[in-house]
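Working notes, structure below.
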Amino acid sequence: MTKTIFALTGAALALTTAPAAAQPTVAKGVTCTKYVNGNCVQTHKVKYKVGYVFGPSYTYTPISDIPQTVVTQYSLEDKYRYVYSDGNVYVVDPTTYAVTRVITVPGS
């Protein structure tokens with residue numbers, strides 16, 4: 001019984017110390033604009049990054065003011081709030097007011 005418990009404890013320890021899957025990382029204030037095989041190969045400097053909180057009193061951009069090609073290509077919906085600034089569309093969660101996604105508008 002002692003050997004079984006020891007073996008299970010060792011297996012659990014091995015599983016918890018296994019390296020996590022590599023996450024694409026980019027510098028602060030930079031977003032990845034192109035991925036190849038899960039790796040970021042092209043970046044773009046942005047004013048706001050994912051996680052930035054705009055707050056409830058910020059003047060958000062109506063979805064009708066965002067280029068229709070971007071709305072269609074990225075399946076933007078009315079349920080989110082948007083900030084369209086500096087050639088980027090910042091998708092904002094309506095409950096937390098935090099940026100959840102940064103989209104670089106082509107040709108901006």
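Can you tell me the order of 69-78, 89-98 when each peptide is scored by its average per-residue count of other Cβ atoms within 10 angstrom, highest first?
Listed from highest to lowest mean packing, they are 89-98, 69-78.
To the nearest 20 Debye, how big is the dipole of the stretch 45-103 about its Cα centre, given +1 on the beta carbon of each Lys and Arg and -1 on that of each Asp and Glu?
240 debye
Please state the relative contact order of the stretch 49-108 as a whole percent: Cα pairs under 8 Å, 6+ residues apart?
Once divided by the residue count of the stretch 49-108, the mean separation gives 37 percent.
Laboratory data are not the source of any read-out in this text; all were calculated from the coordinates shown. Just so it is clear, the structure is predicted and the values come from calculations on it, not from any experiment. Neighbour counts run over all protein chains shown; Cβ positions are idealised from the backbone, glycine included.
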